[in-house]
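S.K.: This is the structure I have questions about; it appears just below.
The values are calculated or read from the model by the stated rules, or taken from the named source; none is laboratory data. Please read these numbers as outputs of a predicted model, since none were measured by experiment. Neighbour counts run over all protein chains shown; Cβ positions are idealised from the backbone, glycine included.
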Ligand SMILES: [Zn+2]
């Protein structure tokens, strides 16, 4: 569920040009800005190896390992406690001025199997935001259900009628583009009945039956092992509902219920929250107030941007998504942030 491939491809080329031009070298002559950059990952692995949504794969294991290695020698990788101190405006004992925090959303099993082992072996902390109803489950979130149904479709051409008409032609447009169009249709505000959408897609595409017994999310034993291994855990609410679509009472329930479960299962106070989806319209001023009332010290969004010292809103901490960008682009993004405190998309 990332942006268009065209945009991404152009940015990757531009990044290569910038690296050749020596712009990062010139930037390195500037004093670094006091900033906090928060990276957000979802899945680690190879999207070609499974039938679910390729859009939530952030990097392969090898790419992630290389990224962490690069970051370790170029920025100050910090812990959640240090990030909270920065957000509160307190001094933290780090020399570098571009502080970087690594976060993961959703708690897919590969976060435990791959990301955790890489982070632990590199001595770096990651913050893993888990939706408590999904922990240890075989649940298939809507984006993965849609991808599975499109990828296993027995019909190459089919028409969807809800919530608007869409002609899907896998042979003409290719699998990736077709999938992107179906996901876009699902996300339209008129889609008030997600179950109907999935059912109609299954019938139209004649996709295979969804696997019901494959565990897809890390469980509580694994989460406990991760906290013992130096990782931090935060809340991604209980059910992963978009909070702005719920009334204040249900929003509060989503926020406080998951905090209660973390306390019971892991013995921790969940200090931080990541808003599901995390775009500007996925939470409101009221949501921010409710997050504070529920006991969270900070909440993370997901629409880009960095956080400058003294200017960070604790209930809208900006994060940027890592999603299949080239190595050149990753390096330019890190360097630009380091020396300007801003993010280059
Ligand atoms: Zn999520």
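S.K.: So if I check each of 147, 202, 153, which one is within 16 Å of the ligand (Cβ to nearest atom) and either surrounded by 14 or more Cβ atoms within 10 Å (Cβ to Cβ) or modelled with pLDDT under 95 (or both)?
M.R.: Details: 202 fails: within 16 Å of the ligand (Cβ to nearest atom); 153 fails: within 16 Å of the ligand (Cβ to nearest atom).
Answer to the check: 147.
S.K.: Across segment 247-270, what is the total count of residues that are free of Cβ contacts under 8 Å to residues at least 40 places away in the same chain, assigned to a loop (DSSP other than H, G, I, E, B), over 20 Å from the mean Cα position of the chain (by Cα) and closer than 30 Å to residue 122 by Cβ? Give the steps one after another, and end with the answer.
M.R.: Going through segment 247-270, the residues free of Cβ contacts under 8 Å to residues at least 40 places away in the same chain turn out to be 247, 249-251, 253-254, 256, 259-260, 263-264, 267, 269-270.
Subset that is assigned to a loop (DSSP other than H, G, I, E, B): 247, 267, 269-270.
Add one more test, that the residue is over 20 Å from the mean Cα position of the chain (by Cα), and what stays is 247, 267, 269.
When the remaining residues are screened for being closer than 30 Å to residue 122 by Cβ, the result is 267, 269.
Total meeting the criteria: 2.
S.K.: Residues in segment 180-191: is at least one touching a helix residue (DSSP H, G or I) at 6+ places or on another chain (Cβ under 7 Å) and farther than 13 Å from residue 147 by Cα?
M.R.: Yes, that holds for at least one residue.
S.K.: Run residue 269 past the list (1) more than 14 Å from the ligand (Cβ to nearest atom); (2) surrounded by fewer than 17 Cβ atoms within 10 Å (Cβ to Cβ); (3) closer than 30 Å to residue 167 by Cα and report the number of the one that doesn't hold.
M.R.: With (1) more than 14 Å from the ligand (Cβ to nearest atom); (2) surrounded by fewer than 17 Cβ atoms within 10 Å (Cβ to Cβ); (3) closer than 30 Å to residue 167 by Cα applied to residue 269, the lone miss is (3).
S.K.: Determine which member of the set 71, 130, 101 is within 23 Å of residue 325 (Cβ to Cβ), in contact with a helix residue (DSSP H, G or I) (Cβ under 8 Å, 6 or more places away or on another chain), in contact (Cβ under 8 Å) with a residue 12 or more places away in the chain and surrounded by 23 or more Cβ atoms within 10 Å (Cβ to Cβ).
M.R.: 101
S.K.: Anything in segment 230-239 that is buried (at least 19 other Cβ atoms within 10 Å of the Cβ) and within 16 Å of the ligand (Cβ to nearest atom)? List them, or say none.
M.R.: 233, 234, 235, 236, 237, 238, listed by residue number.
S.K.: Before we move on, is residue 118 within 16 Å of the ligand (Cβ to nearest atom) and in contact with a helix residue (DSSP H, G or I) (Cβ under 8 Å, 6 or more places away or on another chain)?
M.R.: In short, no.
S.K.: Can you name the number of the only condition in (1) more than 16 Å from the ligand (Cβ to nearest atom); (2) part of a helix (DSSP H, G or I); (3) in contact with a helix residue (DSSP H, G or I) (Cβ under 9 Å, 6 or more places away or on another chain) that residue 287 fails?
M.R.: All conditions pass for residue 287, except number (1).
S.K.: What's the total number of residues in segment 290-312 that are more than 16 Å from the ligand (Cβ to nearest atom), farther than 17 Å from residue 248 by Cα and outside any loop (DSSP other than H, G, I, E, B)?
M.R.: Of the residues in that region, 3 qualify.
S.K.: Sticking with this one: In the list 277, 242, which residue meets the criterion of being over 29 Å from residue 66 (Cβ atoms), at pLDDT below 95 and either within 16 Å of the ligand (Cβ to nearest atom) or surrounded by fewer than 20 Cβ atoms within 10 Å (Cβ to Cβ) (or both)?
M.R.: 242
S.K.: Scan segment 313-343 residue by residue and report those that are touching a strand residue (DSSP E or B) at 6+ places or on another chain (Cβ under 6 Å) and assigned to a loop (DSSP other than H, G, I, E, B).
M.R.: Hits for segment 313-343 are 314, 315, 318, 319, 322, 323, 341, 343.
S.K.: Same structure, new question: Does residue 244 count as over 19 Å from residue 108 (Cβ atoms) and either touching a residue at least 60 places away in the same chain (Cβ under 8 Å) or assigned to a helix (DSSP H, G or I) (or both)?
M.R.: yes
S.K.: Within segment 49-65, track down each residue that is out of contact with any helix residue (DSSP H, G or I) (no Cβ under 7 Å at 6 or more places or on another chain) and within 13 Å of residue 118 (Cα to Cα).
M.R.: 60, 62, 63
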